[in-house]
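Written out below as structure tokens is the structure these notes cover.
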Amino acid sequence: MTAAAPPVAVVTGASSGIGAATARHLAATGHHVVLTARREDRITALAAELTEAGHRATAYALDVTDRSAVDAFAASLDRCDVLVNNAGGALGADPVATGDPEDWRRMYEVNVIGTLHMTQALLPALTASGAGTVVVVSSTAGHAAYEGGAGYVAAKHGARVLAETLRLEIVGTPVRVIEVAPGMVKTEGFAMTRFRGDTERAAKVYEGVPDPLTADDVADTITWAVTRPPHVNVDLLVVRPRAQASNHKVHREL
């Protein structure tokens, strides 16, 4: 008797941080993970790691802001059961008065338009699966504003509303929409990218914070939501470290 094919989970931004951790967690639950990111060397190495561990993994270099490339990627898949829209990130921490419009544009393109491209391209396959799941990894920035973060806040609000609206529009189809909104997560790249390699500024974000979230913490949360029975839709999960009560209220041991 031929064994059933494993469910296929596409993870964007899988080259590091939350994306890479989510790929590891989903692979461990039996998904065939398809790793996408611009950094081909990173996802190729991760796919090899997962394969050597006995899991199923495929790497596919992809820029989610390139619609023709996204469409070609979608056409290459035989099936898709889960889409984790994780690609995103922040650039700069300038006030509205002096923020760089190019930073705002890039954040919107990746966090919102990239999510739109992937969701539109894979929604037919997700529907055809009979039990599809779309995950949008937003942020607590998508739920409350803070000074110096308007560009990122605006982009993550866009991602949040995309998820909310999609859920309304496709109700009655066999696809659920899950939003996971992490708070303070210490990964190897987020703050460094935001502050363009300024290690001192990046370190100050987490200075004195006992036990900020890790990428594994968020990946575990995403995987828990994805692996609920298909009729269970976890609309929204806000996950913060215990030391963070809100975007503005963080306990620091200094």
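The values are calculated or read from the model by the stated rules, or taken from the named source; none is laboratory data. Source: prediction; values computed, not measured. Neighbour counts run over all protein chains shown; Cβ positions are idealised from the backbone, glycine included. These accessible areas exclude ligands, DNA and RNA; they are computed on the full protein's heavy atoms, side chains included. Shrake-Rupley method; radii C 1.70, N 1.55, O 1.52, S 1.80 Å.
Can you tell me which residue is farthest from Phe195 (Cα to Cα) among those in region 104-116 that are open to solvent by 20 Å² or more (accessible area, probe 1.4 Å) and in contact with a helix residue (DSSP H, G or I) (Cβ under 7 Å, 6 or more places away or on another chain)?
Leu116
So, in region 197-254, how many residues would count as being open to solvent by less than 30 Å² (accessible area, probe 1.4 Å) and either of a type in the set (S, T, N, Q) or under 21 Å from Leu126 (Cβ atoms) (or both)?
Qualifying residue count, region 197-254: 8.
Name the residues in region 207-244 that are among the polar types (S, T, N, Q) and part of a strand (DSSP E or B), would you?
Once the filter is applied, which keeps residues that are among the polar types (S, T, N, Q) and part of a strand (DSSP E or B), region 207-244 yields only Gln244.
Evaluate the following for Thr119: is it farther than 30 Å from Lys204 by Cα and open to solvent by less than 40 Å² (accessible area, probe 1.4 Å)?
yes
Condition first: touching a helix residue (DSSP H, G or I) at 6+ places or on another chain (Cβ under 8 Å) and either open to solvent by 20 Å² or more (accessible area, probe 1.4 Å) or in a loop (DSSP other than H, G, I, E, B) (or both). Now tell me which residues in region 128-143 satisfy that.
Ser138, Ser139, His143 - these are the residues of region 128-143 that are touching a helix residue (DSSP H, G or I) at 6+ places or on another chain (Cβ under 8 Å) and either open to solvent by 20 Å² or more (accessible area, probe 1.4 Å) or in a loop (DSSP other than H, G, I, E, B) (or both).
Looking at region 15-88, what strands (runs of 3 or more DSSP E) fall wholly within it and have at least 3 residues that are open to solvent by less than 20 Å² (accessible area, probe 1.4 Å), touching a residue at least 12 places away in the same chain (Cβ under 8 Å) and β-branched (Val, Ile, Thr)?
The strands (runs of 3 or more DSSP E) meeting that bar are 32-37.
If I go through region 207-240 residue by residue, how many of them are more than 23 Å from Asn85 (Cβ to Cβ) and touching a residue at least 40 places away in the same chain (Cβ under 8 Å)?
Of the residues in that region, 4 qualify.
Starting from residues that are part of a helix (DSSP H, G or I) and among the charged types (D, E, K, R), keep the ones in region 144-173 and report whichever is most open to solvent (accessible area, probe 1.4 Å).
Result: Glu169.
Can you find a residue that is open to solvent by 40 Å² or more (accessible area, probe 1.4 Å), modelled with pLDDT of 95 or more and within 22 Å of Ala27 (Cα to Cα) anywhere in region 92-103?
no
From the residues in region 44-86 that are of a type in the set (A, V, I, L, M, F, W, C) and under 15 Å from the mean Cα position of the chain (by Cα), which one is farthest from Thr187 (Cα to Cα)?
Val82
Out of curiosity, is Ala202 without any contact (Cβ under 8 Å) to a residue 40 or more places away in the chain and part of a helix (DSSP H, G or I)?
Taking the combined requirement at face value, the residue satisfies it.
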